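As structure tokens, the structure follows; a few thoughts come after it.
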Amino acid sequence: MQTLVVKYGGSVSEEHTFLLEEIAYYARNDVHVVVVHGGGPEVTQWLSRLGHATEFAKGQRITDELALQVVEMVLSGRVGKRIVRQLQKYGVRALSLCGEDAGMVRAVPYENGLLGYVGQVEMVDVRLLCSLLADRYVPVIAPLGVDANGQVYNINADFVAASLAGALRADAFVLATDVAGVREHANSQHTLEQLTEEEAISMVEDGRAIGGMIPKLQAVVHAVQSGAKAAYVLDGRMADALHSVMEGRSIGTRIIPTGIMKGGVEHA
Ligand SMILES: Nc1ncnc2c1ncn2[C@@H]1O[C@H](COP(=O)(O)OP(=O)(O)OP(=O)(O)O)[C@@H](O)[C@H]1O
Ligand SMILES: [Mg+2]
């Protein structure tokens, strides 16, 4: 049975339903699919209704106490449930959880609290996910985590998805976002078809990737280093994105794990 972990970017808005239709298609056809979602734009919108400005650093939301509360409510509540409703409409049994459930995501403060209540993944426990997948559920996960003292943290969804993809030995890890893939630099028109782990790291270091692309590149590297067999950054608003991944057609940017130079998802 193949396993697919899809990070559904907050920037892929509600009216783009192709990706969820494809997720449901594969889930109905014997692929284990886990969805991890962001929801940045909606969190920012709710914070601004509360008169609260939003700042980002290293592509991540600086998270004070109010922002943390809003992140929890918006991601676990509105965004997660909306994705579940949509998937159910396409005929799969989806349910939403967050990284706090069943101790799925253990967090520590990101760089010693540099960004407030932003966490980084310390450890993931995928036992609940494995049971749900075996029972043909589609888990939809909000990117929150808890530390050893019970403090909750906001974690960039790209990192949570990457850690789960690694732990589940995903055949494909897909970061679906609002650009065609990784461009050679932030303002370039040219999307890179492939990237090695080393190239991905150097793009972060030398500033060719900025903002939300920083955690993505770090995440794809982590995913392939921790057990995912392939990783992609692609436009989640496009029709047939997952079909292309599953059939080995060129799509978005594919990250090549060091030492492996072959195409597509292996069909076991
Ligand atoms: N080299 C680059 N190539 C492509 N996009 C880049 C690059 N550098 C920066 N970016 C930016 O990264 C953005 C994608 O990250 P962003 O965090 O905004 O989306 P997301 O992760 O899909 O959404 P969310 O964070 O809400 O889940 C692109 O819209 C683009 O502006
Ligand atoms: Mg992002």
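Coordinate-derived values only; no laboratory data. None of the values given here were measured: they were computed from a predicted structure. Cβ: placed from backbone, ideal geometry, glycine included. Neighbour counts: every protein chain shown.
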Query raised in the report: Which one of 24, 165, 13 is farthest out on the positive end of the charge dipole of the chain, using unit charges on Cβ (Lys, Arg +1; Asp, Glu -1) and the Cα centre as origin?
Result: 24
Query raised in the report: Gaussian network model of the chain, Cα springs within a sub-10 Å range: biggest mean-square fluctuation belongs to which of 67, 107, 142?
Result: 67
Query raised in the report: What shape does the chain take by its C-alpha gyration tensor, where a ≥ b ≥ c are the square roots of the eigenvalues and a/c under 1.5 counts as rounded, a/b above b/c as prolate, and the rest as oblate?
Result: rounded
**Report entry** Ranked 106, 127, criterion: other C-beta atoms within 10 Å, fewest first
**Finding:** 127, 106
Query - Estimated FRET transfer efficiency when R0 is 45 angstrom, pair residue 111-residue 29 (beta carbons, to 0.05) - result: 0.60
Query raised in the report: Going 7 Å from the Cα of residue 69 in the Cα-to-Cβ direction, what parts of segment 21-57 have a backbone nitrogen less than 12 Å from that spot?
Result: 50
Report summary line: Rounded to one decimal in nm, the spacing of the 7 Å Cα→Cβ label points at residue 21 and residue 135 is 3.0 nm
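Report the local net charge at residue 7: Lys and Arg +1, Asp and Glu -1, summed over other residues whose C-beta lies under 12 Å from its C-beta. Intermediate results must be reported in sequence, preceding the final value.
Values: positive: 216; negative: 158.
Result for the neighbourhood of residue 7: 0.
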Query - Lysine pair number, Cα distance threshold 26 Å (strictly under), the chain, separation 8 or more or different chains - result: 12
Report task. Among 114, 50, 128, determine the one that fluctuates most according to a GNM of the chain built with springs between C-alpha atoms less than 10 Å apart. Result -> 50
